[in-house]
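*Asks:* Below you will find the structure I want to go over with you.
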Amino acid sequence: MYERILVPLDGSKVGEAAVPYIEELVSKLSPEVKVEITLFQVVSSLTHYVVAGEVSARIPYTEKEMEQIKREAMDYLDKAGENLRGKGAIVKIKVGTGSAAEEIIKTAGEINADLIAMSTHGRSGLSRWAFGSVTDRVLRGGNKPVLIVRVPREAEKT
């Protein structure tokens with residue numbers, strides 16, 4: 001049964017498409033089953049650009065800036081878990097840094113997840129090639145079951 005579920009979120013409404021399905025799953029499980037949901041966000045951009053006129057430079061974030069980014073991610077995840085807590089789930093939050101797909105796969109192993117639930121934009125063709133697919137890399141590179149929720153086209157526009 002699904003007692004430990006990893007839900008990667010990217011901070012967007014589109015990225016949260018899997019959350020209602022997990023809420024429904026949690027509410028349908030018997031009260032005796034304590035489901036542990038780990039909401040997870042990966043900070044993958046460890047640098048930013050500074051532009052001066054026509055010149056730009058890639059600058060690493062300072063330790064203080066990274067701590068602020070991680071704190072904001074933790075606050076976001078905490079808020080995103082409110083409804084899950086209301087349904088009786090044990091909600092944990094975690095922030096990682098690096099490649100999103102690699103960090104998701106690694107974290108799923110660390111928490112011994114029974115399921116990874118995540119959304120996908122459903123891109124194909126050139127768009128998929130240009131942007132890549134974190135969901136696809138998790139599906140192909142991991143060894144945990146993955147629930148993939150495709151975001152409705154109208155939700156992508158909001």
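*Asks:* So which of LYS70/LYS144; LYS28/LYS79; LYS28/LYS70; LYS64/LYS144; LYS64/LYS94 end up more than 24 Å apart by C-alpha? Write out the running numbers ahead of the final one.
*Replies:* On the way: LYS70/LYS144 26 Å; LYS28/LYS79 22 Å; LYS28/LYS70 33 Å; LYS64/LYS144 35 Å; LYS64/LYS94 18 Å.
Pairs exceeding the cut-off: LYS70/LYS144; LYS28/LYS70; LYS64/LYS144.
*Asks:* Let me ask you something else. Which one, THR62, THR38, THR135, has the greatest fluctuation when you compute a Gaussian network model over the chain with C-alpha springs under 10 angstrom?
*Replies:* THR62
*Asks:* Taking the Cα atoms only, what angle lies between the long axis of helix 100-110 and the longest principal axis of the chain, rounded to 10 degrees?
*Replies:* 40 degrees
*Asks:* Considering only ILE104, ILE37, ILE93, give the residue with the highest GNM mean-square fluctuation for the chain, with springs between Cα atoms whenever their separation is below 10 Å.
*Replies:* Comparing ILE104, ILE37, ILE93 in the GNM, the peak value goes to ILE93.
*Asks:* Among bridges DSSP assigns within the chain, what percent are antiparallel (round to 5)?
*Replies:* Once the DSSP bridges in the chain are tallied, antiparallel ones form about 25 percent.
*Asks:* To continue, here is another question. Which far-off residues, 5 or more places away or on another chain, put their amide H under 5 Å from the one on LEU115, with H placed in the peptide plane?
*Replies:* The answer is ARG4, LEU6.
*Asks:* Name the most mobile residue of GLY86, GLY53, GLY11, meaning the one with the largest mean-square fluctuation, in a Gaussian network model of the chain with Cα contacts below 10 Å.
*Replies:* Comparing GLY86, GLY53, GLY11 in a Gaussian network model of the chain, the most mobile one is GLY53.
Taken together, the values in this text are just the output of simple stated rules run on the coordinates, not laboratory data. Since the structure is predicted, the reported quantities are computational estimates derived from the model, not experimental observations.
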